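The values are calculated or read from the model by the stated rules, or taken from the named source; none is laboratory data. Note that the structure is a prediction, hence the values are computed from the model and not measured. When we count neighbours, we look across all protein chains shown, and the Cβ atoms used for this are built from the backbone with ideal geometry, even at glycine. Each accessible area value is taken on the protein alone, full model and side chains, heavy atoms only, with ligands, DNA and RNA left out. Shrake-Rupley method; radii C 1.70, N 1.55, O 1.52, S 1.80 Å.
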Amino acid sequence: MISKNLIVRTTFYLFIATMLIAILIPVFFFVSTSVYSEYEVYDFPRKFLPRTSFDLEIEWENDQYNLSVFDEANNEYELLIQSNDMDRFRLYLKRSLSIQLNNEEIENDFSLSKKGEPIYLTYKKDLFYNYKTFFSITNNAGKSVVNSVMAAGWTIIISLFFGSLAGYSIARYKFAGKSQLSLTLLVVRMFPGVAIAIPMLVYLIKMNLDNTMIGLAIVYSVGNIALTAWITSSIFTGINIELEEASYIFGASKLQTFRKITLPLAFPGFIACSMYAFLAAWNDSITALILSNNNPTLSLVIYKAIGSSSAIQLSAAGAVILILPALVFTFIIKNYINQLWGEVKL
Amino acid sequence: MEFLELKNLTKIYQKDILAIDKIDLKIKDGEFLVLLGPSGCGKTTTMRMIAGLEDVTEGEIFIEGKLVNNLQPRERGVSMIFQSYAIWPHMTVFNNIAYALKIKKMSKEKINETVKKVAKMSNIEEYLNRYPSQLSGGQQQRVAVARAMAVDPKLFLMDEPLSNLDAKLRVSMRTDLKEMHKRSGATTIFVTHDQSEAMSLADRIVIMNTGTIEQIGTPNEIYHDSKTMFVADFIGSPSTNFVDVKIISKDNKLFAKNDAFELPIDDKFNDKLHGYIDKDVVFGFRPENLVLSSDEEKLFDIDVVLVEPQGSHSVIVGRLLSKQIKIVSDEVRDMKNIKTLPIKSNGIYFIFDKETEKRIC
Ligand SMILES: Nc1ncnc2c1ncn2[C@@H]1O[C@H](COP(=O)(O)OP(=O)(O)O)[C@@H](O)[C@H]1O
Ligand SMILES: [Mg+2]
């Protein structure tokens, strides 16, 4: 008995551990990359943890400063540049090592080495350098965040409204063509978003909705309405109709019953649907590229930034920026998701 | 005065499924009426039409003399306990019970008072703040009862409320429900397929079969004066033994005869059996009306198949003319090695028409 228990528990924790590792390693990889300086990205072997500061050596030689950085892998100082131009040092420290200093600070520190002895300095790295750079080199990054939130919000509203109506009627009413409707919904899901994006663009232009978030949300909703209808119809089917009937018996009208019984019971399902809708809208860049290139969403901005720059640390920062709101959203609805997985029996 | 009246009530599902076929029923004020019948005979459908959850295809329903066919459930003043309990999982026990009262816009204090009162009657006072998923089946059942009582209804509808409980709880809840009925005096319609439940609870029992009413009567009438073969078969455990016989007449005396026996029939039945001479009929013997006898007095022998000891009595399962016969005997002796037993009738039996399956006498 005990040994069986032990095996079950061990298997369980091994499984959980594997899952965690499979999820956490990639996350750790790009979160740490996002705080690397350019110098560290080309470090080999790669450090497990990003550096928070650099140990520098400055030598005065031939009327020039020699700037070296301590290379932990080889346990020696590696020469980076030789110059006496403070602007060059400032830019180099900033771009390669993510160290933000002004010319005077650099000159003050460096000039101590003119006495003949090399001097050793430790400078703090600016951990958020890549994030700041990301926002400064991509124009209207701030606007794009607002856009993404709008597009996701509209997608949630549109797909929940139409999807749950369809889901409710599929679950509760008998009508001609019901099975055909369910099948059609599935077929709609089969089209890749990009495929419908181009014909939709024509409609959106005619309706003056191109390059707007509502227009984008309408296209995202096409697939999501179908998904929402599928999920909610099974949720509504799962709600014992006697729960609604009991409400009628005990004095409630149809509307009161829907508000006080059906809706709260279906709520966890709605949350799951809005999560799918959110993620579909938030993560898409291709459809946005076609429909809203002049008014981009965050994920489109990041997509372009990654595509056009070779700086992997910047791309990583962009990825983290894209993930954070999704994480926040998920944590907010976490409680309801827990409910969905069986804490409340319907 | 009739509290509830069903006139010519008919229900057809999906154009061709005849679930209820023209039933008529009158229920007196304060009566505890049990609808009894096998699964699928239309008990739930009848109840749902009375509650207003199902449209009436044809016929009329009157509550206190008022036609209610077109009234919404909430306008009918009925209260219901569902087979699945149908208590709302997202509300606490308190809110479940208070639901109807809140909709009626009752004052907070009055709601509190009412909920406390019915919770006490149903023995669930300690659980008012719990959610249904934190309660056992029996406790959930009590919540359903308390919720139904809280609205102080004129008519209680209960659809197999005890069928999801284990045997012991079922019997004790049965007593509780009966007590509750005595106290509230509300007219009650109770649906069940369990005949012992029906017998112990009912003022009157309505036996239903495939959408029609077979017989209406008190538990004793139903048992001792079954009007059809169906009722004789359905009521009683073990159920009635049916034996095919032919009525013959010898010297103005009637006999029931088949390959195994020839039973003289009491002269008082002569009139009723007049048209059946030389015809096949069905005899129905309740298990306790076939008794062990001596070899001299016996009517026939049965081949004993097995004996089921029940403590106070035994059920003897035997065969007569290759049909199964069950008799109840309070002789509790060891019958392991007995192959055949002599049996006689104690003079009490039903005689049924073979075609119509209706009782002749
Ligand atoms: N919603 C429905 N649609 C079609 N047929 C139904 C429906 N509900 C019940 N029936 C049929 O009506 C008959 C009576 O059912 P029901 O009233 O539930 O029986 P009971 O409660 O006595 O077991 C059954 O034959 C059943 O199949
Ligand atoms: Mg039923």
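Could you state how much accessible area is buried at the B-A interface, both sides summed, with a 1.4 Å probe, in Å² to the nearest 100? Don't skip to the answer; put the middle values down first.
Working: alone 18360 and 20210 Å², together 36590 Å².
In total, this chain pair buries about 2000 Å².
When Rg and the Kirkwood Rh are both derived from Cα coordinates, the Rg/Rh ratio for the range A:23-131 amounts to 1.01. Short to long, the 10 Å bins of the Cα pair-distance histogram for the range A:219-334 hold 12, 29, 26, 17, 10, 5, 1 percent of all pairs.
For the range B:44-197, the C-alpha radius of gyration divided by 2.2 N^0.38 Å, with N the number of residues, is 1.04. In units of the rule-of-thumb radius 2.2 N^0.38 Å, the protein assembly as shown shows an alpha carbon radius of gyration of 1.56.
When Rg and the Kirkwood Rh are both derived from Cα coordinates, the Rg/Rh ratio for the range A:134-339 amounts to 1.05. Do the alpha carbons of any pairs in B:K7/B:K104; B:K279/B:K339; A:K260/B:K108; A:K260/A:K334 sit beyond 25 Å of each other, and which pairs? Violating the 25 Å Cα-Cα cut-off are B:K7/B:K104; B:K279/B:K339.
Looking at the P(r) of the range A:86-172, how many percent of alpha-carbon pairs lie beyond 21 Å? Intermediate values should be presented prior to the final figure.
Numbers: 2248 of 3741 pairs.
Taking all Cα-Cα pairs of the range A:86-172, the fraction more than 21 Å apart is 60 percent.
Shielding value for B:150-158 is 1, the average number of Cβ atoms from other chains within 10 Å of each residue's Cβ.
Evaluating kT/(6 pi eta Rh) at 10 °C and 1.306 mPa s, with the Kirkwood radius of the range B:206-273 over Cα pairs in the Stokes-Einstein relation, gives 113 µm² s⁻¹.
Quick one: pull the percentage of alpha-carbon pairs in chain B with a separation above 39 Å. Numbers along the way, then the final one.
On the way: 20059 of 64980 pairs.
Value for chain B (Cα pairs over 39 Å): 31 percent.
Using C-alpha pairs below 8 Å separated by at least 6 residues, the relative contact order for chain A is 20 percent.
The calculated FRET efficiency for the pair B:N252 and B:K344, based on their C-beta separation and a Förster distance of 25 Å, comes to about 0.60.
Rounded to the nearest Å, what's the spacing between the alpha carbon centres of the range B:245-323 and the range B:12-89? Just the number, please. With the range B:245-323 and the range B:12-89 each reduced to a Cα centre, they are spaced 41 Å.
For A:I7 and B:Q134, what does the FRET efficiency come to when R0 = 35 Å and r is the distance between their Cβ atoms, rounded to the nearest 0.05?
Working: r = 31 Å, r/R0 = 0.90.
For A:I7 and B:Q134, the calculated efficiency is 0.65.
The 1.4 Å probe gives accessible areas that order B:K11, B:K272, largest first, as B:K272, B:K11. Kirkwood radius, the range A:159-245, all distinct C-alpha pairs, inverse of mean reciprocal distance: 14.2 Å. Place +1 on the Cβ of every Lys and Arg and -1 on the Cβ of every Asp and Glu in chain B, take the dipole about the Cα centre, and give the residue among B:M49, B:N70, B:F285 whose Cα lies farthest towards its positive end. So the residue furthest toward the plus end is B:N70.
Normalising the average separation of contacting C-alpha pairs (under 8 angstrom, six or more residues apart) by the number of residues puts the relative contact order of the range B:241-353 at 28 percent. Please list log₁₀ I(q)/I(0) at q = 0.12, 0.17 Å⁻¹ for the range B:1-129, using the Debye equation with identical point scatterers on the alpha-carbon positions. Calculated log10 I(q)/I(0) at the listed q: -0.61, -1.01. Helical runs (DSSP H, four residues minimum) scored at -39500 (n - 2.57) apiece and divided by the length of the protein assembly as shown put the mean residue ellipticity at 222 nm at -14500 deg cm²/dmol.
If you fit an axis through the alpha-carbon atoms of helix A:178-190 and take the longest principal axis of the Cα set of chain A, what angle between them do you get, 0 to 90°, nearest 10? Between the helix axis and the principal axis of chain A, the angle is about 10 degrees.
Given R₀ = 60 Å, FRET efficiency for A:I241-A:T122 by Cβ-Cβ distance, to 0.05?
On the way: r = 71 Å, r/R0 = 1.18.
Approximately 0.25, to the nearest 0.05.
Taking every residue in B:80-91 and counting other chain Cβ atoms within 10 Å of its Cβ, the average works out to 6. The distance from the alpha carbon centre of the range B:159-229 to that of the range A:185-258 is 47 Å, rounded to a whole number. Determine the share of the range A:91-218's accessible area contributed by carbon and sulfur atoms, expressed in whole percent, with a 1.4 angstrom probe. Of all accessible area on the range A:91-218, carbon and sulfur atoms account for 66 percent. Grouping the Cα pair distances of the range B:189-325 into 10 Å bins from zero gives a pair-distance distribution of 10, 33, 34, 21, 3, 0 percent in increasing distance order. Partner aspartates and glutamates whose Cα lies under 12 Å from the Cα of A:K254, excluding those fewer than 8 positions away in the same chain, are identified as A:E244, A:E245.
Inter-label distance, A:L327 to B:D244: 8.3 nm, where each label sits 7 Å from its Cα along the C-beta direction. Helix A:2-34 against the longest principal axis of chain A: what's the angle in degrees, Cα atoms only, rounded to the nearest 10? It is inclined by approximately 60 degrees.
What the protein assembly as shown shows is 52 Å² of accessible area per residue, with the surface traced by a 1.4 Å probe over protein heavy atoms. Residues with beta-carbon under 13 Å from that of A:Y129, excluding A:Y129: net charge, scoring Lys, Arg +1 and Asp, Glu -1? Counting the neighbours of A:Y129, the net charge comes to +3. By the Cα gyration tensor, chain A has an equivalent ellipsoid whose semi-axes, rounded to whole angstrom, run 55, 27, 16 from largest to smallest. Return the single residue from B:T57, B:T240, B:T340 with maximal mean-square fluctuation; model: Gaussian network over chain B, springs between Cα atoms under 10 Å. The residue that fluctuates most here is B:T340. Once the Cα atoms are used to define both axes, helix B:137-150 deviates from the longest principal axis of chain B by about 70 degrees. Altogether, the Stokes-Einstein calculation at 37 °C and 0.692 mPa s, with the Kirkwood radius of the range B:136-247 over Cα pairs as Rh, returns a diffusion coefficient of 211 µm²/s. A 1.4 Å probe over all protein chains sorts A:F258, B:F261, A:F331 by accessible area into A:F331, A:F258, B:F261, starting with the largest. Calculate what fraction, in whole %, of the accessible area of the range B:241-353 sits on carbon and sulfur atoms when a 1.4 Å probe is rolled over the protein chains. Carbon and sulfur atoms account for 46 percent of the accessible area of the range B:241-353.
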